[in-house]
1. So which trypsin sites (Lys or Arg not before Pro) in the range 5-109 are both in a DSSP loop and have at most 15 other Cβ atoms within 10 Å of their Cβ?
2. Of TYR218, TYR113, TYR24, which has the most accessible area with a 1.4 Å probe, and how do the rest follow in descending order?
3. Can you list the residues, at least 5 places off or on another chain, whose amide H is less than 5 Å from the amide H of ASN170, using H built in the peptide plane?
4. What are the ³J(HN,Hα) values, in whole Hz, obtained from phi via the Karplus relation 6.51 cos²θ - 1.76 cosθ + 1.60 with θ = phi - 60°, for each residue of the range 200-207 in sequence order, with x given for Gly and Pro?
5. Using modelled amide H (1.01 Å from N, peptide plane; none on Pro or chain starts), what sits under 5 Å from the amide H of GLU136, excluding residues fewer than 5 places away?
6. ASN112's amide H: which non-local residues (gap 5+, or another chain) put their own amide H closer than 5 Å, with H modeled 1.01 Å from N in plane and none for Pro or chain starts?
7. Relative to the compact globular guide of 2.2 N^0.38 Å, what is the alpha carbon radius of gyration of the range 185-225, as a ratio?
8. Output the Cα-based Rg and Dmax of the chain in Å, rounding Rg to one decimal and Dmax to a whole number.
Amino acid sequence: VWNTTNEAWVMSVVKPHDFTVAFYQSQDLKSWELLSEFTNKNGTDGVWECPDLFPLPVNNNPAEIKWVLLVSVNPGGVTGGSGTQYFIGEWDGKVFTADDRTTRWLDYGRDNYAGVTFNDAPDNRRIYLAWMNNWEYAKEIPANPSRGSMTIPRELSLATINGAITLIQNPIKEISETKISDQSFTITPTGGKSGIRFTGDKNKSFDIGYDSDRREIYIDRANAWFDIKSTSVHAAPLDADGPVEIRVITDIGSVEVFVDGGR
């Protein structure tokens, strides 16, 4: 990417087995000089892949900029197999310094991996696109008429929630111009589990809900999945004392769930 901080090209490269991202700089895209390295060896296990470093304004305030470092990992994802982690911090043109080394997950499902963002999108939007699959079972999914797909393009932003800067992701606004199903609803916690069931052909179904006892949003795809070895129930922590906003995007072979305004 073009680094406006010191007017040079910067390349992010992983040392996959060392849990390290190395940053290089060049003036001509031919000769490269090592700037620094970022590592998190006490974090999650697995091989690091697909680094992406980019700036985002906090709460849409151009005067407050934070930098986000995305790193895909396999295995070691939050639900097993592939996953995408991220760090929020500062970039001075040479060194990325994370605000903390907490492992944060971009997606709590099984199928979001190897995603990166587009540079210089119109209106300074930061658009993210990922592979909708998991290395644990990618080769077992029936290849009829295709095997795997990409996620819905998502616009990333940063917002302060409960005093902490949080990465927000939502489907791009252009989704409204397509025929893809886009539904929103609200779940009001009533104790225990409460939610909604999506049903399809051949008695297939997909459950989305909130578990008040475990304080988490949950997904159950046990009755909507191929007959292969895979975790069926996924969950993400969410403290909800009131209604929970849920948005569901369904396509021919996928369901993507966005909760609490993309949080």
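The values are calculated or read from the model by the stated rules, or taken from the named source; none is laboratory data. Predicted model, so just to flag it, every value in this text is computed and none were measured. Note that we place each Cβ from the backbone using ideal geometry, even for glycine, and neighbour counts take in every protein chain shown. Areas reflect the complete protein model, heavy atoms only, side chains present, ligands, DNA and RNA absent. Shrake-Rupley method; radii C 1.70, N 1.55, O 1.52, S 1.80 Å.
1. Of the trypsin sites (Lys or Arg not before Pro), the ones in loops of the range 5-109 whose Cβ has at most 15 other Cβ atoms within 10 Å are LYS30, LYS41, LYS94, ARG101.
2. My answer, sorted largest first, is TYR24, TYR218, TYR113.
3. GLU155
4. x, 5, 6, 6, 7, 8, 8, 9
5. Under 5 Å from the amide H of GLU136 lie the amide H atoms of SER82, each far enough along the sequence or on another chain.
6. Sorted by chain and number, the residues that satisfy this are ASN133.
7. Against the compact-globule rule of thumb, the ratio is 1.23.
8. Both quantities, over Cα of the chain: 19.3, 61 Å.
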